[in-house]
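Q: Can you keep this structure in mind? I'll have questions shortly.
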Amino acid sequence: MSAEGQVEEEEYTPPGVEEYSKYWAEDKVFIKEANECLLQYQDKLLGDGKRKVFIPLCGRAAELKYLAELGHEVVGLEFAEIAIHQFFETFGISYETKPMEEPLGTLYTCTSDNMTIRIYCCDFFKFGPHVEGEFQAVWDAGSLYSLPMSQREDYTRVIKSILAPTSRTLVMADVPSLSDEVTSSDLQRWYGERFAVEYLGYTKTQRKDYEQFGLEGFNMFYISSDDVA
């Protein structure tokens with residue numbers, strides 16, 4: 001109860017590793033095409049050059065393969081190992097694994113000559129520049145949105161720690177919202193004055209694959225460092 005005697009809303013609690021692993025094991029609808037919002041705004045994210053792109057909490061996202069096929073260096077992070085296995089096996093991409101001590105987990109590396117993909121299976125909050133250095137781009141396809149409000153500032157702190165001085169980030173949030181909404185003012189407060197936050201608007205999805213999640217579309221945000229070209 002609040003001081004005024006009103007019942008406070010419980011904070012959204014995301015599923016844990018076991019719940020997510022069960023979800024990936026049971027979910028038979030594998031979205032094999034890159035998200036339409038990435039296709040719509042990829043020029044803002046990638047510009048004209050080749051980028052080192054980070055995809056946090058990537059699951060089995062088709063964007064890993066899509067961006068790698070465009071020639072970008074792609075690094076994902078996921079804590080449910082089954083999703084990583086499903087990604088490589090479904091797309092027929094060969095890989096090798098290597099155990100890690102810091103952070104504790106496993107590194108999955110694509111062994112195909114024409115693509116650069118690395119996926120870390122570890123605790124996101126233990127990730128940082130000591131693992132992979134800096135990134136010029138981040139594709140956040142609902143990762144920030146999936147976390148409770150109490151973890152979002154810490155999440156953003158990890159993202160900021162790995163960004164190059166010149167960086168670009170796309171943040172996507174589901175509509176309708178199933179957790180706390182993402183707003184431009186929240187993003188600006190978490191990222192700070194060195195970053196510019198722009199609301200790109202709402203994109204209504206045309207993909208029937210998303211109907212299983214009850215999604216109608218996505219809100220999109222663009223975040224860039226002050227000295228972005």
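The values are calculated or read from the model by the stated rules, or taken from the named source; none is laboratory data. Keep in mind it's a predicted model, so treat the numbers as computed, not measured. Heads up, the Cβs are rebuilt from the backbone with ideal geometry, glycines too, and the neighbour counts pull from every protein chain shown. Note: areas computed on protein heavy atoms with side chains; ligands, DNA, RNA excluded. Shrake-Rupley method; radii C 1.70, N 1.55, O 1.52, S 1.80 Å.
Q: Would any residue of the range 140-155 have its amide N under 20 Å from a label point 7 Å out along Cα→Cβ of A196? List them or say none.
A: Only 140 fall inside the zone, counting backbone N under 20 Å.
Q: Using 7 Å Cα-to-Cβ label points, what is the A164/T106 separation (nm, one decimal)?
A: Going by the 7 Å Cα→Cβ label model, 3.1 nm.
Q: Calculate, for the chain, the solvent-accessible area per residue in square angstrom, rolling a 1.4 angstrom probe over the heavy atoms of the protein chains.
A: Numbers: 11510 Å² over 229 residues.
Heavy-atom accessible area per residue stands at 50 Å².
Q: Quick one: net charge of G71's neighbours, Cβ under 13 Å, K/R +1, D/E -1? Write down the numbers at each step before the final one.
A: On the way: positive: K50, R51, K52, K65; negative: D48, E69, E73, D113.
Result for the local shell: 0.
Q: May I ask which of K160/K208; K160/K204; K50/K160; K65/K204; K44/K160; K126/K208 have a Cα-Cα span longer than 27 Å here? Kindly include the intermediate steps, with their values, before the conclusion.
A: On the way: K160/K208 34 Å; K160/K204 29 Å; K50/K160 20 Å; K65/K204 24 Å; K44/K160 18 Å; K126/K208 36 Å.
Among K160/K208; K160/K204; K50/K160; K65/K204; K44/K160; K126/K208, the Cα-Cα distance tops 27 Å for K160/K208; K160/K204; K126/K208.
Q: Near G49, within a Cβ-to-Cβ distance under 12 Å, what is the net charge of the other residues, with Lys and Arg +1 and Asp and Glu -1?
A: Numbers: positive: K50, R51, K52, R168; negative: D43, D48, E73.
Around G49, the charge tally is +1.
Q: Right, here's the next one. State, as an integer percentage, the relative contact order of the range 100-229 based on alpha-carbon contacts under 8 Å between residues 6 or more apart.
A: Relative CO of the range 100-229 lands at 23 percent.
Q: Could you look at the chain and say what percent of its accessible area is carbon and sulfur, using a 1.4 Å probe and all protein chains? Present the calculation step by step, with values, prior to reporting the outcome.
A: Working: 5460 of 11510 Å².
With neighbouring chains kept in place, the figure for the chain is 47 percent.
Q: When only C-alpha pairs under 8 Å and at least 6 residues apart count, what is the relative contact order of the chain, in percent?
A: On the way: 406 pairs, mean separation 40.4, N = 229.
It comes to 18 percent, rounded to a whole number.
Q: Also: For the range 58-193, what log10 I(q)/I(0) values come out of the Debye formula at q = 0.10, 0.12, 0.13, 0.20 1/Å, with one point per alpha carbon and no solvent?
A: After summing over all Cα pairs, the log10 values are -0.34, -0.49, -0.58, -1.33.
Q: Still on this structure, I have one more. Want the number for S184 to E134: 0.36 nm per residue separation, take away the alpha-carbon distance, what's left? Could you put the intermediate results ahead of the total?
A: Numbers: separation 50, 0.36 × 50 = 18.00 nm, distance 2.42 nm.
Gain on stretching S184 to E134: 15.6 nm.
Q: For the chain, what does the helix formula give at 222 nm: sum of -39500 (n - 2.57) over DSSP H segments with n ≥ 4, over the residue count, nearest 500 deg cm²/dmol?
A: Details: 8 runs with 69 residues, N = 229.
One gets -8500 deg cm²/dmol as the mean residue ellipticity at 222 nm.
Q: Mind ranking 201-210, 175-184 by how tightly packed they are, going by the mean number of other C-beta atoms within 10 angstrom, highest first?
A: On the way: 201-210: 12.7, 175-184: 15.0.
Averaged packing, sorted descending, gives the order 175-184, 201-210.
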